[in-house]
Every structure is written in C-alpha cells, then in structure tokens.
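The values are calculated or read from the model by the stated rules, or taken from the named source; none is laboratory data. What you are looking at is a predicted structure, and each value in this text was computed from that prediction instead of being measured. Cβ coordinates were reconstructed from backbone atoms using ideal geometry, including for glycine residues, and neighbour counts include every protein chain displayed. These area figures cover heavy atoms from the full protein model, side chains too; ligands, DNA and RNA do not enter into them. Shrake-Rupley method; radii C 1.70, N 1.55, O 1.52, S 1.80 Å.
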Amino acid sequence: MLATNVWSAGYELDLVVRRGSRVVFVEVKSKSGRRFGRPEEMVDARKRERLVRAAEAWLARHPACRGLRVRFEVVAIDGDGLRRLPLGDPV
C-alpha cells in the first residue's frame, strides 16, 4: 500500500497500491442496495478522467514509481460482496 485517501490535483485517490512492477490506482465504491444501480456504475467517464489526472499528478511527485506500469481498478462493495474490476490502463 503506497497511499490511502490522498488528494492529488484536486481529486481524491482512494488507494494507491504497488503490485510488483505495477502501480494500481483503486477507486472504492459501495452501496447498500441496487435501487440506483451497482457501485461500479458510479464510475463514469468524468470520474475516470479525474482519476487519470490525479494519478498523473501523484506519479509526477513520486519519481520512484517511474517506469512502473499503471493500472486502474474499481473495488465494488454491495450485497453481493466485493468485486475487483479493471478500468483499463489509460496512462
């Protein structure tokens, strides 16, 4: 674990984790019910753009992570349990 609930470029990064040669930026979403959809559906295109900006700024301040691959994930928590879902590798 490299960071939790850290602010970067005006946006919050829930988790920053290193897994081997990869830095993973994790957005955590939870919901108690499905009335308005699943937790992962709350990560729309606008939220993804914010995550990328925050990640780019965080990486610029942490030169030790240069050269590592970057990945984005959502951890969705609801009545079905916990799910890890990739958001792709946009950086």
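Does any residue of region 32-43 turn out to be open to solvent by less than 20 Å² (accessible area, probe 1.4 Å) and under 18 Å from residue 86 (Cβ atoms)? Let's see the steps before the verdict.
First, pick out the residues of region 32-43 that are open to solvent by less than 20 Å² (accessible area, probe 1.4 Å): 37, 39, 43.
Narrowing the set further to residues that are under 18 Å from residue 86 (Cβ atoms) leaves 39, 43.
Yes: one or more hits.
Would you check if there is a residue in region 35-58 being under 11 Å from residue 13 (Cα atoms), in contact (Cβ under 8 Å) with a residue 24 or more places away in the chain, of a type in the set (Val, Ile, Thr) and in a helix (DSSP H, G or I)? Yes, the conditions are met somewhere in region 35-58.
Residues checked against (1) modelled with pLDDT under 95; (2) in contact with an Asp or Glu (Cβ under 7 Å, 6 or more places away or on another chain); (3) of a type in the set (Ser, Thr, Tyr):
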site: 26; (1), (2), (3): no, yes, no
site: 31; (1), (2), (3): yes, yes, no
site: 39; (1), (2), (3): yes, yes, no
site: 43; (1), (2), (3): yes, yes, no
site: 53; (1), (2), (3): no, no, no
site: 56; (1), (2), (3): no, no, no
site: 61; (1), (2), (3): no, no, no
site: 68; (1), (2), (3): no, no, no
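Take the conditions (1) assigned to a strand (DSSP E or B); (2) among the hydroxyl-bearing types (Ser, Thr, Tyr); (3) open to solvent by 80 Å² or more (accessible area, probe 1.4 Å); residue 4 misses just one of them, which is (3).
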